[in-house]
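Chemist: Let me give you the structure first, and then I'll get to my questions.
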Amino acid sequence: MAAQLNIVGPKAVDRLGPDTADHVCPVPHAPGAVPAVRGRVRNLLAEWGLSPDAVADALVVVSELLTNALVHALPPATLRLSWVRVDGHGALRVEVTDAGPVLAGDGWGNSDPDEHGRGIDIVTALAARCGVRVDAEGITRWADLPAA
């Protein structure tokens, strides 16, 4: 089931409880950042007991959201992983917050559409729900992934 993209995401997050662990990771605005963060996320999600399939889906979503932030937005970027409740079930929330879009004329707008632009389709295909939230901290793109 593909998720619908919410332009404004839920402001109040239904966390699973007061003992729920969040993981926050600042992301360097540098080549190699995405693979390095993916490695950390893989280890963390294994520690949290996610199934291999759920870990694989989460790593794809993390990669897509981080790449979007590093290519199309201003630093800093921050990744947050947390547990939330979606339709009464536990879900892994992946959030990437950045400082907003790079100004026009930076050269990124001339990208080959065959090479770029499918990330949000991938995220919505894997997520139970996803969206974008804008607040004083910046722009947050988020996705809730079913946790098997």
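The values are calculated or read from the model by the stated rules, or taken from the named source; none is laboratory data. None of these values were measured; they are calculated from a predicted model. All Cβ positions, glycine included, derive from the backbone under ideal geometry; neighbour counts span all protein chains shown. Just so you know, the surface numbers come from the protein's heavy atoms only, side chains and all, with ligands and any DNA or RNA stripped out. Shrake-Rupley method; radii C 1.70, N 1.55, O 1.52, S 1.80 Å.
Chemist: Once you put a point 7 Å from the Cα of VAL71 and another 7 Å from the Cα of ALA99, both along the Cβ direction, what distance in nm separates them?
Modeler: 2.1
Chemist: Taking K and R as +1 and D and E as -1, what net charge do the other residues with C-beta under 12 Å from the C-beta of GLY100 add up to? List each step's numbers first, then the result.
Modeler: On the way: positive: ARG141; negative: ASP98, ASP135, GLU137.
Neighbour charge sum, excluding GLY100 itself: -2.
Chemist: Let me ask something else. Hey, any idea what % of region 54-95's accessible area is carbon plus sulfur with a 1.4 Å probe?
Modeler: On the way: 810 of 1440 Å².
Exposed carbon and sulfur together represent 56 percent of the surface.
Chemist: Modelled label-to-label distance, ALA125 and ARG80, 7 Å Cα→beta-carbon offset: nm?
Modeler: 2.8
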